[in-house]
Amino acid sequence: MFKSVLVTGGAGFIGSNYLNYKSKEENIKIVNLDNLTYAANLDNIKINDNCDYTFIEGDICNADLVQKIFLEHKIDEVVHFAAESHVDNSITNPGAFIDTNIVGTFNLLQAAYKSWMDAPNVFREGKENSKFLHVSTDEVYGTLGRTGLFTEETSYAPNSPYSASKASSDMLVRSYFHTYGLPVVTTNCSNNYGPRQHKEKLIPTIIRKAIFQENIPIYGDGKNIRDWLYVLDHCKGINLVLEKGKLGETYNIGGKNERENIYIAKTICEILDNIKPLESQKSYSDLITFVKDRPGHDFRYAIDASKIENELGWFAEENFESGIEKTIHWYLEKHN
Ligand SMILES: NC(=O)c1ccc[n+]([C@@H]2O[C@H](COP(=O)([O-])OP(=O)(O)OC[C@H]3O[C@@H](n4cnc5c(N)ncnc54)[C@H](O)[C@@H]3O)[C@@H](O)[C@H]2O)c1
């Protein structure tokens, strides 16, 4: 069946990887709505030649524009990535996070409801199979101690303006399912890494600073733990949830790859020592420098992905060590 899919934030890190993957599918038309913030890069988008693809530069906070896109492009499915996504920026400029992550998500939900349904639980003819997939984060669950995992049942306890804005958007998505019967699914994923990530994030920063032989800044004592997910594994998980996920449910997506930040930095340095040794014979790890910690820095995130694994048959194909090799090669090529 032919589908018209609206992807928001498709010029960002995960969105562009998703578009490149999704555009290989047949019988779809893709509309990418992105207002090209500093985090966007249109060069990251490599759409399959046979795909019917439209890019619209615009803001999800513009309700009239969003509604117009739904009508003009007869949207059947939404994959909603667009967000302000950097925790550090949410500490210095939280307003943008409230606008895009909360108001923008509300506009999309409302436009979907208005164009797919006549009343609560009453679909327009031909729109019965519509779907709205909301991409969220494990940061909504707050922080973990040394043990335990986030499951779909874990209570929300967001600690930064970023995670609080994403938690709010998750609640809006949930409410549109319960109040109107809007066909929604939500994914909460762990930290992504891989090609096309913005340079401000941890792994691109480590690789870039190492290549240019600058100090590699690591927050605090480097002992904070994240559960790393290779971006293509995430894109495949999102697509599976879009196709087979149960409406109204949430699915946690995680790579079962818990690593301390200092381990990440040392591993990248070791790989670079092997594939691009420094003329001085020194190790890139000499560049690692500990800097003042981020305020309210969550200690540990880790996801229990057994629901998506057992119910939908998704598994992460990359572990951190295999995914980081691919990632380093991609950045080496980019910086050359
Ligand atoms: N990167 C991660 O590790 C990670 C982890 C968990 C969840 N997520 C979630 O995944 C989604 C994508 O993350 P990412 O890392 O690709 O983000 P990103 O910051 O790389 O990209 C965000 C994209 O959204 C666009 N955008 C921002 N505000 C917009 C607006 N008002 N209107 C239209 N477009 C707008 C930007 O221009 C950019 O292209 C986000 O919702 C984020 O919360 C990311």
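The values are calculated or read from the model by the stated rules, or taken from the named source; none is laboratory data. Just so it is clear, the structure is predicted and the values come from calculations on it, not from any experiment. Here Cβ is always computed from backbone atoms with ideal geometry, including for glycine, and neighbour counts include all displayed protein chains. We work out accessible area using only protein heavy atoms, side chains counted, and drop any ligands, DNA or RNA first. Shrake-Rupley method; radii C 1.70, N 1.55, O 1.52, S 1.80 Å.
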Failed condition for T147, given (1) surrounded by fewer than 18 Cβ atoms within 10 Å (Cβ to Cβ); (2) of a type in the set (V, I, T); (3) in contact (Cβ under 8 Å) with a residue 24 or more places away in the chain:
(3)
Only residues that are within 14 Å of the ligand (Cβ to nearest atom) and either closer than 30 Å to D76 by Cα or not polar (S, T, N, Q) (or both): list them for the range 197-226, please.
Q197, H198, K199, E200, K201, L202, I203, P204, R226
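The rows are residues; the columns are (1) at positive phi; (2) touching a Gly at 6+ places or on another chain (Cβ under 8 Å); (3) among the β-branched types (V, I, T).
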{"site": "E26", "(1), (2), (3)": "no, no, no"}
{"site": "L36", "(1), (2), (3)": "yes, no, no"}
{"site": "A40", "(1), (2), (3)": "no, yes, no"}
{"site": "I45", "(1), (2), (3)": "no, yes, yes"}
{"site": "D49", "(1), (2), (3)": "no, no, no"}
{"site": "E57", "(1), (2), (3)": "no, no, no"}
{"site": "I60", "(1), (2), (3)": "no, yes, yes"}
{"site": "A63", "(1), (2), (3)": "no, no, no"}
{"site": "F70", "(1), (2), (3)": "no, no, no"}
Could you check V291 against (1) within 23 Å of the chain's Cα centre (by Cα); (2) open to solvent by 30 Å² or more (accessible area, probe 1.4 Å) and say which number it fails?
(1)
Could you list all residues from the range 42-62 that are of a type in the set (S, T, N, Q), within 12 Å of the ligand (Cβ to nearest atom) and either surrounded by fewer than 17 Cβ atoms within 10 Å (Cβ to Cβ) or more than 17 Å from F13 (Cα to Cα) (or both)?
N62
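Within the range 319-336, can you find the residues that are open to solvent by 10 Å² or more (accessible area, probe 1.4 Å) and either in contact with a helix residue (DSSP H, G or I) (Cβ under 6 Å, 6 or more places away or on another chain) or not in a loop (DSSP other than H, G, I, E, B) (or both)?
E321, S322, E325, K326, H329, W330, L332, E333, K334, H335
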Any residue in the range 161-186 that is free of Cβ contacts under 8 Å to residues at least 40 places away in the same chain sitting within a Cβ distance under 7 Å of a residue that is part of a helix (DSSP H, G or I)? List the pairs, counting only those 6 or more apart or interchain.
A167/V140
Please tell me if A39 is among the small types (G, A, S), within 18 Å of N17 (Cα to Cα), open to solvent by 30 Å² or more (accessible area, probe 1.4 Å) and in contact with a helix residue (DSSP H, G or I) (Cβ under 6 Å, 6 or more places away or on another chain).
no
Kindly indicate whether G194 is farther than 30 Å from R124 by Cβ, within 14 Å of the ligand (Cβ to nearest atom), modelled with pLDDT of 95 or more and crowded, with 21+ Cβ neighbours inside 10 Å.
yes
Restricting attention to the range 67-92, which residues are open to solvent by less than 30 Å² (accessible area, probe 1.4 Å), farther than 14 Å from K3 by Cα and either away from the ligand (no atom under 11 Å from the Cβ) or over 21 Å from the mean Cα position of the chain (by Cα) (or both)?
I69
Restricting attention to the range 93-135, report how many residues are touching an Asp or Glu at 6+ places or on another chain (Cβ under 7 Å), assigned to a helix (DSSP H, G or I) and buried (at least 20 other Cβ atoms within 10 Å of the Cβ).
3
Of the residues in the range 1-36, those that are among the polar types (S, T, N, Q), away from the ligand (no atom under 11 Å from the Cβ) and either buried (at least 17 other Cβ atoms within 10 Å of the Cβ) or in contact (Cβ under 8 Å) with a residue 40 or more places away in the chain (or both) come to S4, N20, S23
If the Cβ limit is 6 Å and pairs must be 6+ apart or interchain, which residue in the range 49-71 that is closer than 14 Å to K29 by Cβ and of a type in the set (S, T, Y) pairs with which residue that is within 14 Å of the ligand (Cβ to nearest atom) and open to solvent by less than 40 Å² (accessible area, probe 1.4 Å)?
T54/V31
